[in-house]
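The values are calculated or read from the model by the stated rules, or taken from the named source; none is laboratory data. These numbers were taken from a predicted model, which means no experiment stands behind them. Please note: Cβ atoms are built from the backbone with ideal geometry, for glycine as well, and neighbour counts cover all protein chains shown. Remember, those area values only see protein heavy atoms, side chains included, never the ligands or the DNA or RNA. Shrake-Rupley method; radii C 1.70, N 1.55, O 1.52, S 1.80 Å.
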Number of protein chains: 4
Amino acid sequence: MVIVMRAEATGNDLAALQAAIEELGMQVHVSRGEERTIVGLIGDKRNVEGFPFTSFSGVESVVHVTHPFKLASRDFHPEPTVVDVGGVKIGGGNLVVMAGPCSVETRDQLLESAHAVKAAGAQILRGGAFKPRTSPYAFNGLGVEGLKLLAEAREATGLKVVTELMDLEHLDVVAEYTDIIQIGARNMQNFPLLRELGKIQKPIMLKRGLSATIEEWLMAAEYILSGGNSDVILCERGIRTFETATRNTLDLNAVPVVKRLSHLPVIVDPSHGTGVASYVPAMSRAGVAAGADGLMIEVHPNPAKALSDGAQSLNVPQFQSLMGEIQALSNALGLRLEERETETVSP
Amino acid sequence: MVIVMRAEATGNDLAALQAAIEELGMQVHVSRGEERTIVGLIGDKRNVEGFPFTSFSGVESVVHVTHPFKLASRDFHPEPTVVDVGGVKIGGGNLVVMAGPCSVETRDQLLESAHAVKAAGAQILRGGAFKPRTSPYAFNGLGVEGLKLLAEAREATGLKVVTELMDLEHLDVVAEYTDIIQIGARNMQNFPLLRELGKIQKPIMLKRGLSATIEEWLMAAEYILSGGNSDVILCERGIRTFETATRNTLDLNAVPVVKRLSHLPVIVDPSHGTGVASYVPAMSRAGVAAGADGLMIEVHPNPAKALSDGAQSLNVPQFQSLMGEIQALSNALGLRLEERETETVSP
Amino acid sequence: MVIVMRAEATGNDLAALQAAIEELGMQVHVSRGEERTIVGLIGDKRNVEGFPFTSFSGVESVVHVTHPFKLASRDFHPEPTVVDVGGVKIGGGNLVVMAGPCSVETRDQLLESAHAVKAAGAQILRGGAFKPRTSPYAFNGLGVEGLKLLAEAREATGLKVVTELMDLEHLDVVAEYTDIIQIGARNMQNFPLLRELGKIQKPIMLKRGLSATIEEWLMAAEYILSGGNSDVILCERGIRTFETATRNTLDLNAVPVVKRLSHLPVIVDPSHGTGVASYVPAMSRAGVAAGADGLMIEVHPNPAKALSDGAQSLNVPQFQSLMGEIQALSNALGLRLEERETETVSP
Amino acid sequence: MVIVMRAEATGNDLAALQAAIEELGMQVHVSRGEERTIVGLIGDKRNVEGFPFTSFSGVESVVHVTHPFKLASRDFHPEPTVVDVGGVKIGGGNLVVMAGPCSVETRDQLLESAHAVKAAGAQILRGGAFKPRTSPYAFNGLGVEGLKLLAEAREATGLKVVTELMDLEHLDVVAEYTDIIQIGARNMQNFPLLRELGKIQKPIMLKRGLSATIEEWLMAAEYILSGGNSDVILCERGIRTFETATRNTLDLNAVPVVKRLSHLPVIVDPSHGTGVASYVPAMSRAGVAAGADGLMIEVHPNPAKALSDGAQSLNVPQFQSLMGEIQALSNALGLRLEERETETVSP
């Protein structure tokens, strides 16, 4: 951390600042430039987290020279993390496809979806039982009944399951039925929830918030990691910008940035990242080519009948076609489309 | 709601769409333009909330011609809502100032702050007991102990109290100690929390999310209103944009927009809206002049010692000076700086 | 400027960087922290403008600790600049109102507007002769004929005139007819144009670009100032964000930020900043209360007949009413609504 | 176009609006819903471009149901445009790589770059002779001298040349030396310049503005097309968002969106789209996979000595390696990496 003094700061200003820094257990390193004096802080910067240096007389600004995350950082963990979801490995050169309907609607709809996405090569089934909806009047999911249907679909197909958790109250029941707990964009900075997720041993897929910087996203991961749960998967699902031609702006730059800063695997969600089914294949391909460890894609047997997000869902033939393209890309890029370790197909 | 057909849509496409709309209990009104056919839907549009019209063959886009909120709308409630907080009225031409430290830190710090802001003309004391922090390593509040100190400060000064609730788990205890429950920007779309807030009878101050449109903000208010709690106060606290000279971009446009679309009172928070203490007076004045029903301002007896948000906190003399300016503005604009109904000064 | 080295940088990396910096005529100051080594550069940083330090082995990032502008900075020019427009003073505690139609359309329309805004208290007449339009099919102004009408209106009323220049080709003719040359948001970084404006002696009003940071805006002013023209007036007219309820997001934070960083006067344009006539009065008041040196407001005798921007134009009675509010605010804030020095009313 | 009336609009309001629409030569189609009456306009909407309907009594909002561009639209030109640059074809399933230094600096630097990028498989040489720079103190290009060096490099290698035009003054000289005229992001809405580009017969590469919507970008293309020049190539180079980890946010969603809305070819520029050399390969691959018709990549023989944009330039071995990956991707996706028609290698 570097503190920049104003041009007109006095010697007393500097002395008072130095004293405060040393009181926090840090060393000080002063550098006088032609226009500005800058003060470097040496020591464990967690000592000074949130300290209001800019309230001191003569201080112009505070500049952070290192990232605030530690456990999520490649500096401290150079090797990529591989999250093992009951034998399906996420990260480390594998390419994992998660697919299924936005919401679990009925037993038939879910089982039909599950069989179809598995046949096309997906390893993980997605489906929402608890749905965050902008309107209080919209369908908000089947709840625990939906979780049970997901578990039934897992039994029937051998797919692993990912589903969203929206509040602490349902943590136990969601953890009971799912293989990966998804935390949605709107909960990325739900700090009480993140703290509890650090205390369990279950993979967490943490979606990026609509207006979260990559640094804030990694800090949200740090909450979970610092609690003791090291199985965190990131998911880029688009950010909010001025562009209105798409529902969100899928920020694929985030893929190489995360790969450089962190060891955690990162998944791309082109369904929310575009909001339009016809753009999903292009952006699925782009996500893989950018280096993502996997894709999360909404697939519905009949999008025109979907109770949520029908506009961005692929139908089954579209998904099959896309999986063929992904296979070709994966070969060209030297990735492994993960093979399931145990082939537990129900009769 | 209007559905726009593609140029190449066929008669069959149109017929299939019409049938689906009528099945949802709506009437259809078709209008053929030179380039596009458009289909108007007539009826209660909550029938078609989230229905995937764009998945139908031949559909280009769906255009919403009315806002999705009802209870928050001026159309259905033309008179401004006045929220009565134990005699302090928010809305309807009053100007209310909420002030106090970012976090409750110690008994002395809080009581000193409370006496100072009351003397300067504030009616409501702010102070965080549960603090959302980007970093898991930062100070995150005194919890219930902080709530008790707030209640003690209320006793000592006669000020009303506003404090943040972060999760359902603490709803009862926060509701017990505070006069207004604040929902922070990061929880604006915490839908399970919003639903529960609709079931209690306690004023809620709902901060706008960092990347929430005004429409989404009003939809979040609709969650609370639709549960039966009509005492919702909005708070503009800055949105996230590309500008980095300030912590957030305070969107004062939101004040007249909210006044036009809704009957709910709106407060401006220039402390979070700028992130820099020296910009707070200018933006406090601007908020009042834009038509806000009140201000929420961070004040600390010694900002350089604050455990959070010191950089954006005014000290007591700065706050006193600002309140003089606010008084002059308020007179010029014909507003009432609310007088307290009962003068309960502790000995 | 401070250069941050990667954790894994070697002694050779550091030596190579130091040599390169010294070759550029700068001194080096190395500071070794616990996690990172940082390298301070001492000397005139214009020596290293744009130098690709991040291409050096071992370099993680470059951090700027001072602003890149000099002539626009308060550090080098502590007193506020007052621009004298033929006796009308902009800056230094005066409050100037510029008003008139978006476009000059006809002689009658312009003269009627001019007399009306003068009677209501405006000192400067606005009106576009060259109009930037998103569509090639829209009305794009009367050109030189419009400039002549502006000059006629000036004769008739004693108002000063501000109008937009869109390209170098028309610099001479625009400069001949106007008192202030306006540079629109889309030309804020038209660098060849800015360079030429530095060579003339005529006040320039530089609108902020739709996605320009305040620093970039001041750098655009620096282009003009560095050419030798010191009469630069800034104009905040709203930035582009995700919010769609308004045409732009008026960033009033920019007013106190500019006042802190720079000595240049700043005007607020609530017409473009909101895009909706009914929001203009609130945001005009807010702009004044935030500390702006003036307002630029679109006024049309009959907005429903306007050829451009009718939706955001006030009619004459609305403008008169607003000017009454501005007068009251101005008194409350101790501002001077500028009185004209010479009363040159044409017969 | 659809006009939405307020709930409280009267019969007179509606009649006045109808009369005004009919006076503009359009037909009216009224549709009464439960909450709102909506008015459809039938006819050529260029008649009503910019008409201020929201200034009419009783009007709530205006909703556009078709895009404002015609010549750039797929509706009117279903087949993809292929721009022929002296035998190098852009669009229609070819994949073209443009590469070279940010700025032309010296004869040696440019020739070395040109030979290297040609050997690696590029068909078009990029290099700036006129450089837009945020700071007036930064290197701004060699001007006409740079154009001559580009022409010399073309002679020496057989590569085609693309370079930026910044103002009308240099249109003739730039057109003389280059094969494609590049219009930079900051000039995307320089309307006088766009109009002149419509009058010449030379391919134009139009970069997307930093805060331009895709619709505005296509309207800028419409300016050129409507003047009679049909050889327009679009270039996505990143938009401005809140994210600071990268210089811009490369919006690859724009690729499938443009492909759906328009027939014009689109190029991706990952160098400006990320601002960091180490992210360029990932985003080059992603651009190709998203369906772009080509890439524009900054390559410099020695990025650490570059006078501009060194931080985002690849060196030659990095570019060679990337071209191998692009070749593999291109094969997997069934694209043609364009072969030059005539092999004019200089001795």
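Here are the numbers for the structure shown:
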| read-out | value |
| --- | --- |
| Search result, residues across the range C:318-330 that are surrounded by fewer than 19 Cβ atoms within 10 Å (Cβ to Cβ) and at the interface with another protein chain (Cβ under 7 Å from one of its Cβ atoms) | C:A328 |
| Candidate set from the range A:162-172 (those that are open to solvent by less than 30 Å² (accessible area, probe 1.4 Å) and within 14 Å of another protein chain (Cβ to nearest Cβ)); member that is farthest from A:G238 (Cα to Cα) | A:L171 |
| One residue from D:F69, D:F56 being open to solvent by less than 30 Å² (accessible area, probe 1.4 Å), within 14 Å of chain C (Cβ to nearest Cβ) and more than 20 Å from D:Q123 (Cβ to Cβ) | D:F69 |
| Count of residues meeting criterion [open to solvent by less than 10 Å² (accessible area, probe 1.4 Å) and small (G, A, S)] in the range B:299-317 | 4 |
| Test: residue in the range B:135-144 that is β-branched (V, I, T) and under 18 Å from B:P301 (Cβ atoms) | no |
| Odd one out for D:E34, checked against (1) part of a loop (DSSP other than H, G, I, E, B); (2) open to solvent by 30 Å² or more (accessible area, probe 1.4 Å); (3) touching a strand residue (DSSP E or B) at 6+ places or on another chain (Cβ under 7 Å); (4) in contact (Cβ under 8 Å) with a residue 40 or more places away in the chain | (4) |
| Some residue of the range A:42-49 being within 12 Å of another protein chain (Cβ to nearest Cβ), open to solvent by less than 30 Å² (accessible area, probe 1.4 Å), more than 30 Å from A:K305 (Cα to Cα) and in a helix (DSSP H, G or I) | yes |
| Counted residues, the range D:299-313 - those being polar (S, T, N, Q), more than 7 Å from every other protein chain (Cβ to nearest Cβ) and in a loop (DSSP other than H, G, I, E, B) | 2 |
| Residues that are closer than 26 Å to C:I297 by Cβ, within 18 Å of the chain's Cα centre (by Cα) and not acidic (D, E), drawn from the range C:230-246 | C:V232, C:I233, C:L234, C:C235, C:R237, C:G238, C:I239, C:R240 |
| Out of D:A138, D:A175, sole residue that is of a type in the set (G, A, S), open to solvent by 10 Å² or more (accessible area, probe 1.4 Å) and in a loop (DSSP other than H, G, I, E, B) | D:A138 |
| Among (1) part of a helix (DSSP H, G or I); (2) under 15 Å from the mean Cα position of the chain (by Cα), the one test that C:A156 misses | (2) |
| 2 or more residues more than 10 Å from every other protein chain (Cβ to nearest Cβ) and either acidic (D, E) or open to solvent by 10 Å² or more (accessible area, probe 1.4 Å) (or both): qualifying helices (runs of 4 or more DSSP H) within the range D:194-298 | none |
| Matching residues, the range B:14-23, being more than 12 Å from every other protein chain (Cβ to nearest Cβ) and either part of a loop (DSSP other than H, G, I, E, B) or surrounded by fewer than 21 Cβ atoms within 10 Å (Cβ to Cβ) (or both) | B:A15, B:Q18, B:E22 |
| Residue count for the range C:94-135, restricted to those that are part of a strand (DSSP E or B) and within 14 Å of chain D (Cβ to nearest Cβ) | 2 |
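One line per residue, one yes/no per condition, for (1) acidic (D, E); (2) under 28 Å from B:Q318 (Cα atoms); (3) under 40 Å from the mean Cα position of the chain (by Cα); (4) modelled with pLDDT under 85:
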| residue | (1), (2), (3), (4) |
| --- | --- |
| A:M5 | no, yes, yes, no |
| A:A9 | no, yes, no, no |
| A:N12 | no, yes, no, no |
| A:V28 | no, no, yes, no |
| A:E35 | yes, no, no, yes |
| A:D44 | yes, no, yes, yes |
| A:V62 | no, yes, yes, no |
